[in-house]
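Notes follow once the structure below has been shown.
The values are calculated or read from the model by the stated rules, or taken from the named source; none is laboratory data. Every value quoted in this text rests on a predicted model; they were computed, and no experiment measured them. Quick reminder, even Gly has a Cβ in these numbers, built from the backbone with ideal geometry, and neighbours come from all protein chains shown. The protein model used for the area step is the full one, side chains on, heavy atoms only, and it has no ligands, DNA or RNA in it. Shrake-Rupley method; radii C 1.70, N 1.55, O 1.52, S 1.80 Å.
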Amino acid sequence: MAVRDILTIPDPRLKQVSKPVDKVDDALRDLMDDMLESMYAADGIGLAAIQIGEPVRVIVMDLDWGKGERKPRYFVNPEILDASESKLPYEEGCLSVPSVYDEVERPDHVRLKYLDYNGKEVIEDAEGLYAVCIQHEMDHLEGVLFIDHLSRLKRDRAVKRVKKLGLEKVPAAG
């Protein structure tokens, strides 16, 4: 496993639409392991493959690791099958937009389908933080960042803040 650099704005690769994965094999599991280690090293709870420069439809998440326990989740070719009409406002941040946080409203419940680490199809419901996080990461697969949900003024301020703080080139930790 390797910790990889995480792309940050304004890197144009973050705007790429990711391609579906043909099969879950050892090479893809190696990528998912690298993604997970990169996410942990950056103190994140979710990471899409495009954030490390790999334009494939793969996400890793671990909503529990900050509590001292690692419970990684892997999502290959995730799809939202249904979303609630009710929305949940949540303050989001992103490893690709360091030190910027803002409120985004998203459906508070989604039904999703994906392949897991072993290529097994899973259909399940996500609520609360899980629903918010999976939607945030799935946006990355479409070339959308959370700041794209904000007003133009807030988005421009976010880009300026990252540049001003010199965070647009964040090397891998470790």
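A count restricted to region 1-48 and to residues that are part of a loop (DSSP other than H, G, I, E, B) and charged (D, E, K, R) stands at 7. In summary, ARG106 fulfils each of the numbered conditions (1) over 28 Å from ARG155 (Cβ atoms); (2) touching a Lys or Arg at 6+ places or on another chain (Cβ under 8 Å); (3) charged (D, E, K, R) with the single exception of condition (1).
Rundown of residues vs (1) on the phi > 0 side of the Ramachandran plot; (2) at pLDDT 95 or above; (3) in contact with a Ser or Thr (Cβ under 7 Å, 6 or more places away or on another chain), yes/no style:
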| residue | (1), (2), (3) |
| --- | --- |
| VAL76 | no, yes, no |
| ASP82 | no, yes, no |
| SER86 | no, no, no |
| GLY119 | yes, yes, no |
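Looking across region 23-38 at every residue that is open to solvent by less than 50 Å² (accessible area, probe 1.4 Å) and among the aliphatic types (A, V, I, L, M), the one that is nearest to TYR114 (Cα to Cα) is identified as VAL24.
Evaluate region 63-84: report whether one residue or more is over 25 Å from THR8 (Cα atoms), among the aromatic types (Phe, Trp, Tyr) and open to solvent by less than 40 Å² (accessible area, probe 1.4 Å). For region 63-84, residues over 25 Å from THR8 (Cα atoms), among the aromatic types (Phe, Trp, Tyr) and open to solvent by less than 40 Å² (accessible area, probe 1.4 Å): absent.
With the requirement that a residue be among the acidic types (Asp, Glu) and open to solvent by less than 30 Å² (accessible area, probe 1.4 Å), what does region 111-138 give you? Passing the criteria: only GLU137. Identify the residue in region 85-106 that is buried (at least 16 other Cβ atoms within 10 Å of the Cβ) and of a type in the set (D, E, K, R) and, among all such residues, is nearest to ILE123 (Cα to Cα). Filtering region 85-106 for residues that are buried (at least 16 other Cβ atoms within 10 Å of the Cβ) and of a type in the set (D, E, K, R), the one nearest to ILE123 (Cα to Cα) comes out as ARG106.
From the set of residues in region 39-53 that are among the hydrophobic types (A, V, I, L, M, F, W, C) and buried (at least 17 other Cβ atoms within 10 Å of the Cβ), which is farthest from HIS140 (Cα to Cα)? Steps first, answer last, please.
Of the residues in region 39-53, the ones among the hydrophobic types (A, V, I, L, M, F, W, C) are 39, 41-42, 45, 47-50, 52.
Next, only the ones that are buried (at least 17 other Cβ atoms within 10 Å of the Cβ) stay: 39, 42, 45, 47-50, 52.
Details: MET39: 15, ALA42: 17, ILE45: 14, LEU47: 9, ALA48: 6, ALA49: 9, ILE50: 7, ILE52: 11 Å.
So the residue we want is ALA42.
Name the residues in region 50-82 that are in a helix (DSSP H, G or I), free of Cβ contacts under 8 Å to residues at least 40 places away in the same chain and either under 18 Å from CYS94 (Cβ atoms) or within 12 Å of the chain's Cα centre (by Cα) (or both), would you? If the condition is that a residue be in a helix (DSSP H, G or I), free of Cβ contacts under 8 Å to residues at least 40 places away in the same chain and either under 18 Å from CYS94 (Cβ atoms) or within 12 Å of the chain's Cα centre (by Cα) (or both), then TRP65, GLY66 are the ones that fit.
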